[in-house]
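Everything below concerns the one structure shown next.
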Amino acid sequence: MNIQNYNALKNYAFECLNNNKFECSHVERVLNYGLILLKYEKQANRDIVIAACLLHDIGKPYAFDMPHSPKGAIMAKDFLNKMGFDSAFVNGVSDCIATHSFRKKNPPESLEAKILFDADKLDMYGSMGIVRTIYYMQNEAIYNIEQGLPIKPQKDNLQSFYSEYYNKIKAIPQRLYTNKAKDIAKKLSKNMEEFMDNLVEETEYNYKKSKSIFDDFIK
Ligand SMILES: [Fe+2]
Ligand SMILES: [Fe+2]
């Protein structure tokens with residue numbers, strides 16, 4: 001892809017996302033993962049993957065009548081057609097965007113779509129995945145309490161960051177398609193699990209240690 005087209009696509013994507021720093025930096029990281037995966041998936045059409053990574057979340061601020069993936073696919077098609085790209089490229093990019101969300105009914109089919117899917121999911125995994133999930137869940141509980149103690153992540157099935165971590169984030173590696181993404185996920189999982197172990201330990205200390213002191217001080 002030439003630099004002019006790259007800049008045009010990136011500028012359009014950032015504009016659609018209202019230059020929101022949280023979303024735009026996610027797009028940058030997804031593109032970076034996409035480039036890394038492309039290095040190992042030599043048969044993939046590079047330009048399709050690069051364009052799909054840049055445009056994949058453009059539907060987010062406009063997803064009123066449908067989820068952001070199909071919405072973004074329609075918007076990308078319009079934009080790329082107006083820019084004069086050929087129909088194979090336009091359809092290739094739009095198919096990737098349409099299938100990049102976690103939906104069993106609509107899995108990615110082309111190699112390019114699988115690369116976008118993996119690149120996007122890697123940014124929901126590891127330390128970054130934890131930060132992004134907490135950011136998205138800022139109005140929800142981090143954990144739920146049972147008998148005076150925080151429920152452990154693997155047992156917390158109510159709405160909370162712990163349950164999101166255990167039920168969704170931790171399961172991401174099983175959903176990945178490319179070998180390189182699975183490799184990267186292994187490294188990320190170490191960071192993530194270490195962080196979660198520390199978080200659970202700190203939280204338990206906070207609750208358990210204070211319990212007898214509370215009973216002494218507050219009668
Ligand atoms: Fe998305
Ligand atoms: Fe995304």
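Derivation of every value follows stated rules applied to the coordinates shown; laboratory data play no part. Here the structure is a predicted model, which means the values were calculated and not measured. Counting neighbours? That spans all protein chains shown, and the Cβs are built from the backbone with ideal geometry, glycine included.
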## Note on the structure
Expected vector for segment 35-51, Karplus 3J(HN,Hα) from phi with 6.51, -1.76, 1.60 and θ = phi - 60°, integer Hz, x for Gly and Pro, equals 5, 4, 5, 4, 4, 9, 10, 5, 7, 6, 7, 4, 4, 5, 5, 4, 5
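Divide, for segment 1-120, the radius of gyration over alpha carbons by 2.2 N^0.38 Å, where N is the residue count. Kindly include the intermediate steps, with their values, before the conclusion.
Working: Rg = 12.8 Å, N = 120, 2.2 N^0.38 = 13.6 Å.
Segment 1-120 yields a ratio of 0.95.
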### Task
Quick one: order Lys10, Lys190 by neighbouring beta-carbon count within 10 Å, fewest to most.
Lys190, Lys10
### Task
Would you mind ranking Glu112, Glu164 by Cβ crowding within 10 Å, fewest neighbours first?
Glu164, Glu112
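Given only helices, namely DSSP H runs of n ≥ 4 each adding -39500 (n - 2.57), what is the per-residue ellipticity at 222 nm of the chain, to the nearest 500 deg cm²/dmol?
So the calculated ellipticity at 222 nm is -21500 deg cm²/dmol.
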### Query
Once the other residues with Cβ under 13 Å from the Cβ of Asp183 are scored (Lys, Arg +1; Asp, Glu -1), what is the net sum?
+4
### Query
Gaussian network model of the chain, Cα springs within a sub-10 Å range: biggest mean-square fluctuation belongs to which of Ser69, Ser87, Ser163?
Ser87
### Message
Net charge within 13 Å of Asn18 by Cβ-Cβ distance, Lys/Arg positive one each and Asp/Glu negative one each, not counting Asn18 itself?
### Response
-1
### Message
If R₀ is 25 angstrom, what is the calculated FRET efficiency for the pair Asp65 and Phe22, using the beta carbon separation as r and rounding to 0.05?
### Response
0.55
### Summary
The base-10 log of I(q)/I(0) that the Debye equation returns for segment 124-219 at q = 0.12, 0.18 Å⁻¹, one scatterer per C-alpha, is -0.45, -0.85
## Note on the structure
Counting Lys and Arg as +1 and Asp and Glu as -1 over every other residue whose Cβ sits under 14 Å from the Cβ of Lys77, the net charge comes to -1
### Theoretical FRET efficiency, 1/(1+(r/R0)^6), r = Cβ-Cβ of Glu202 and Ile74, R0 35 Å, to 0.05
0.15
### Query
So which lysines can Lys77 reach, going by Cα to Cα under 17 Å and dropping same-chain residues fewer than 8 places off?
Lys10, Lys60
### Message
Compute and list, largest first, the equivalent-ellipsoid semi-axes of segment 33-88 from the alpha carbon gyration tensor, each √(5λ) rounded to a whole angstrom.
### Response
23, 15, 8
### Query
Under 19 Å from the Cα of Lys114, which aspartates and glutamates turn up, not counting those fewer than eight places away in the same chain?
Glu28, Glu41, Asp47, Asp57, Asp95, Asp123, Asp183
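FRET efficiency for Lys104 and Phe217, Cβ-Cβ distance as r, R0 = 45 Å, nearest 0.05?
In this case the efficiency is close to 0.30.
Express the Stokes-Einstein translational diffusion coefficient of the chain in µm² s⁻¹, to the nearest whole number, given a Kirkwood radius over alpha-carbon pairs, 37 °C and a viscosity of 0.692 mPa s. Numbers along the way, then the final one.
On the way: Rh = 18.9 Å.
Calculated translational D: 173 µm²/s.
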#### Entry: Residue with peak Gaussian network fluctuation, the chain [Cα springs, cutoff 10 Å], from Asp95, Asp183, Asp118
Asp183
